[in-house]
1. Mind checking which of B:D58, B:D78, B:D66 has the largest fluctuation in a GNM of chain B, springs on alpha carbons under 10 Å?
2. If the reach is capped at under 19 angstrom between alpha carbons, list the lysines near B:K67, excluding any in the same chain fewer than eight residues apart.
3. Can you list the residues in segment B:28-51 whose accessible area drops by at least 10 Å² when all protein chains are present, compared with the chain alone? Use a 1.4 Å probe, heavy atoms only.
4. Longest exposed-loop-site-free stretch of chain B, with trypsin sites (Lys or Arg not before Pro), DSSP loop and at most 16 other Cβ within 10 Å?
5. For A:Q60 and A:Q29 in the same chain, what is the full-extension length gain: residue separation times 0.36 nm, less their Cα-Cα distance, in nm?
6. How many angstrom lie between the C-alpha centres of segment A:67-116 and segment B:15-49?
7. For chain A, calculate the relative contact order in percent as a whole number, restricting contacts to Cα pairs under 8 Å that are 6 or more residues apart.
8. Based on the mean of other Cβ atoms within 10 Å per residue, sort peptides A:60-67, B:46-53 so the most packed one is first.
Amino acid sequence: GAVVSQHPSRVICKSGTSVKIECRSLDFQATTMFWYRQFPKQSLMLMATSNEGSKATYEQGVEKDKFLINHASLTLSTLTVTSAHPEDSSFYICSASSGSGYTEAFFGQGTRLTVV
Amino acid sequence: QKEVEQDPGPLSVPEGAIVSLNCTYSNSAFQYFMWYRQYSRKGPELLMYTYSSGNKEDGRFTAQVDKSSKYISLFIRDSQPSDSATYLCAMNSGNNRLAFGKGNQVVVIP
């Protein structure tokens, strides 16, 4: 399958600072990227969907000013958690797909964010 | 009612046993049904993908979809310790937006 690389795999930051997470599709062009959040023993909750060159579409309840998503190229999307707080500590996972309609989405390895 | 229901209870089985997992859903527009395997602190990897009702077999894995009952299943035959992971069902209606179940943690005991 195609490879999606997510970086960093884990990050610890101080409360009030911002953290950027990168998601790259290494061997295909990702027209659509998805960002998920996963709490321990919980399912993946979709936060937002981004199409290359367009503004991201956020799910209900997700603060767009807090979770900034940029999808400036067909191989890179970034999620910036601004003014992070301890309650933002979670596992963040991106996925990428190459087509419209249903095509397989490939997942990154996830980023464990801890805000102290 | 959540779109996808998956009883998140952990499951422990002895090596060689059959593992049986299932999900129910409420959205009749779902057409694509997936099972993902997720190891601890890793992203999910696609295990099985089915479209419409019926069975699909891939090695030791069998996925079943019953759209009339809105019920999907995953069976793992001859389970191995390496099958120990969390299994998530997921589905969508053709627009790439996946709805996930909560996942089942499976432990295969040698």
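The values are calculated or read from the model by the stated rules, or taken from the named source; none is laboratory data. As the structure is a prediction and not an experimental result, all values here were calculated from the model. Counting neighbours? That spans all protein chains shown, and the Cβs are built from the backbone with ideal geometry, glycine included. Quick note on the areas: whole protein, heavy atoms, side chains included, nothing else; ligands and nucleic acids left out. Shrake-Rupley method; radii C 1.70, N 1.55, O 1.52, S 1.80 Å.
1. B:D58
2. Within the straight-line cut-off, B:K67 pairs with B:K2, B:K56.
3. The answer is B:Y32, B:M34, B:Y36, B:Q38, B:R41, B:K42, B:G43, B:P44, B:L46, B:Y49.
4. My reading of the result: B:3-40 is the longest stretch.
5. On the way: separation 31, 0.36 × 31 = 11.16 nm, distance 2.75 nm.
That pair, A:Q60 and A:Q29, stretches by 8.4 nm at full extension.
6. 21 Å
7. Working: 300 pairs, mean separation 43.4, N = 116.
Result for chain A is 37 percent.
8. Output ranking for A:60-67, B:46-53: B:46-53, A:60-67.
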